[in-house]
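Q: Have a look at this one.
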Amino acid sequence: MKIDLLIKNANQVITVAGGSEKPKTKQAMSDVGIIEQGAIAISQGMIIACGLYEEVVKSGVVTEETITIDATGKTVLPGFVDPHTHLVFAGSRENELEMRLDGAAYLDILEQGGGILSTVRSTRLASHDRLMTESKKRLDQFLLHGVTTVEAKSGYGLTLEDEWKQLKVARELGNIHPLEIVSTFMGAHAIPEDYRGRTDDYVDLIINEMIPFVAETRLAEFCDVFCEKGVFSIEQSERILRAGQEHGLKAKIHADEIVSLGGAELAAKVGAISADHLLQASEEGIMRLAEAGVIAVLLPGTAFFLMTNHYAKARTMIDEGVPVALSTDRNPGSSPTESIQLIMNLACLQMKMTPAEVITAATINAAHAIDRANQIGSIEVGKKADIVIMDVPNYKHLTYHYGVNHVQTVIKNGVIVVDHQKLCY
Ligand code: IZC
Ligand code: ZN
């Protein structure tokens, strides 16, 4: 077998190996698989060897065409996986930041027809091309920051046609951009203005028309609900998630973000693949997640950006055996960032996750949260060659030297797509 790409002399290769079967929990989250002076061989987009150089070069044939990257002084990791984004939308909401600085609350802005609903208005008005252009910019930022796969939710359409428009953009972007996109249907993101006071009627529309359509056209793999005070109740969320499951859509839930409603308990009850946010999750809810093996996708960017200063109890979750993953929650209202590195830093400083736990949460556990852990999330033979080379001497440096982008090179499916911090696909 011909080696297409060879990475050598890395100060550290962080493999995060050993978690492909099931997400890493407890002590296993700290085991990130460090290889000092490591090397990796890649052939036809896949990892064919990882270890010490002398062994790795023997895994295939080095030819004149083999590209060699000297990673002296650098740290090599699996490409980051972002399992929770609202990628496709039009416009921005910087005006709301000023309202919030004046004391307005996120849910009050939504109640008054702003927030998510203002992004719904601009997304409905936007053409397919505008949505493509704006969303592609976000994907480029993700890639520049070391993310090689993202989940992307709909939820700024809230009609069948407009949700479809968003999901089609996500699919098309996945076809034209090196970054891989995994889609989630989230018609249950807000109550559309013409259904105000008639939430159950909107839930019926989601269940009877949107979910069957999305499932039939295979435009999404997951179904998500904003289970929150004033949005979708526990009962409504359960109906939607179960309807999704009946149509083959795996359940995800925005749970206990702002008000503690019992979203964590619901996630365990329906067997969701992940419960996301959980800032206000109860102790009981955390125990249920651990028992049911539901992945907690934590999004500390929202506590930071909404200035609540109240973060999810990551330490309790990890110590109780909940598999934890991290995500940006990229969206225009509560977390407008593509920097997974900033999120990793917040996870460490504000949620007291260790640097090793943070890396596990942003790679293999995040891959599990989108059901892709058999293909991505670690540097292991047989996995896709999704790799980031960071200009740091060791992995602990990532959560220490903060506020800057440490990415030097990004490799997606064995192809160099970011070189010296510049896009080159
Ligand atoms: O646009 O505000 N929390 N959904 C639930 C969001 C934030 C996105 C937004
Ligand atoms: Zn979200």
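Q: Name every residue in segment 45-96 that is free of Cβ contacts under 8 Å to residues at least 12 places away in the same chain and either under 25 Å from Met344 (Cα atoms) or within 16 Å of ligand 2 (Cβ to nearest atom) (or both), in order of residue number.
A: Within segment 45-96, Glu94 is the sole residue that qualifies.
Q: Mind checking which pairs have a first residue in segment 23-41 that is closer than 17 Å to His368 by Cα and a second that is in a loop (DSSP other than H, G, I, E, B) and at pLDDT 95 or above, Cβ under 6 Å, 6 or more apart or different chains?
A: Hits for this filter: Pro23/Pro323; Thr25/Gly321; Thr25/Pro323; Lys26/Gly321; Val32/Val16.
Q: Next question, about the same structure. Filter segment 326-378 down to the residues that are of a type in the set (Lys, Arg) and more than 25 Å from Phe89 (Cβ to Cβ) and list them by number.
A: Matches in segment 326-378: Lys352 only.
Q: Please go through segment 1-22 and pick out each residue that is in a strand (DSSP E or B), basic (Lys, Arg) and either closer than 20 Å to Gln375 by Cβ or out of contact with any Asp or Glu (no Cβ under 8 Å at 6 or more places or on another chain) (or both).
A: none
Q: Sticking with this structure for a sec: Considering only residues that are in a helix (DSSP H, G or I), within 14 Å of ligand 1 (Cβ to nearest atom) and of a type in the set (Lys, Arg), which ones fall in segment 125-168?
A: Passing the criteria: only Arg138.
Q: Among the numbered criteria (1) closer than 30 Å to Gln375 by Cα; (2) exposed (fewer than 15 other Cβ atoms within 10 Å of the Cβ); (3) within 13 Å of ligand 1 (Cβ to nearest atom), which one does Ala105 miss?
A: Failed condition: (1).
Q: Does segment 278-287 contain at least one residue that is β-branched (Val, Ile, Thr) and either within 16 Å of ligand 2 (Cβ to nearest atom) or at pLDDT below 95 (or both)?
A: So in segment 278-287, the residues β-branched (Val, Ile, Thr) come out as 286.
Narrowing the set further to residues that are either within 16 Å of ligand 2 (Cβ to nearest atom) or at pLDDT below 95 (or both) leaves none.
No, there is no match, as no residue in segment 278-287 is β-branched (Val, Ile, Thr) and either within 16 Å of ligand 2 (Cβ to nearest atom) or at pLDDT below 95 (or both).
Q: Go over the candidates Leu349, Leu278, Leu299 one by one and state the one that is surrounded by fewer than 21 Cβ atoms within 10 Å (Cβ to Cβ) and either within 16 Å of ligand 1 (Cβ to nearest atom) or in contact (Cβ under 8 Å) with a residue 12 or more places away in the chain (or both). Let's see the steps before the verdict.
A: Values: Leu278 fails: surrounded by fewer than 21 Cβ atoms within 10 Å (Cβ to Cβ); Leu299 fails: surrounded by fewer than 21 Cβ atoms within 10 Å (Cβ to Cβ).
Of Leu349, Leu278, Leu299, the one residue that is surrounded by fewer than 21 Cβ atoms within 10 Å (Cβ to Cβ) and either within 16 Å of ligand 1 (Cβ to nearest atom) or in contact (Cβ under 8 Å) with a residue 12 or more places away in the chain (or both) is Leu349.
Q: Being of a type outside the set (S, T, N, Q) and within 17 Å of Asp391 (Cα to Cα) is the filter here; which residues of segment 2-39 pass it?
A: Across segment 2-39, the qualifying residues are Ile7, Lys8, Ala10, Val13, Ile14, Ile34, Ile35, Glu36, Gly38, Ala39.
Q: While we're here: Given the conditions (1) under 21 Å from the mean Cα position of the chain (by Cα); (2) part of a strand (DSSP E or B), report the number of the one that Met29 does not fulfil.
A: If we test Met29 against (1) under 21 Å from the mean Cα position of the chain (by Cα); (2) part of a strand (DSSP E or B), just (2) comes out false.
Q: For segment 316-394, list the helices (runs of 4 or more DSSP H) that sit wholly inside it and hold at least 3 residues that are under 15 Å from Thr302 (Cβ atoms); which are they? Let's see the steps before the verdict.
A: On the way: elements: 340-351, 355-362, 364-369.
Filter on segment 316-394 gives 340-351.
Q: Test Gly103 against the stated conditions and say whether it is part of a loop (DSSP other than H, G, I, E, B) and either under 23 Å from Asp224 (Cα atoms) or touching a Ser or Thr at 6+ places or on another chain (Cβ under 9 Å) (or both).
A: On the way: part of a loop (DSSP other than H, G, I, E, B): yes; either under 23 Å from Asp224 (Cα atoms) or touching a Ser or Thr at 6+ places or on another chain (Cβ under 9 Å) (or both): no.
No; evaluated as a whole, the condition is false for this residue.
Q: Do we find that Leu261 is out of contact with any Gly (no Cβ under 7 Å at 6 or more places or on another chain), part of a loop (DSSP other than H, G, I, E, B) and within 16 Å of ligand 2 (Cβ to nearest atom) in this structure?
A: Working: out of contact with any Gly (no Cβ under 7 Å at 6 or more places or on another chain): yes; part of a loop (DSSP other than H, G, I, E, B): yes; within 16 Å of ligand 2 (Cβ to nearest atom): yes.
Criteria met by Leu261.
The values are calculated or read from the model by the stated rules, or taken from the named source; none is laboratory data. All figures in this text were calculated on a predicted structure; none of them were measured in a lab. Glycine also receives a Cβ, built like all others from the backbone with ideal geometry; neighbour counts cover every protein chain displayed.
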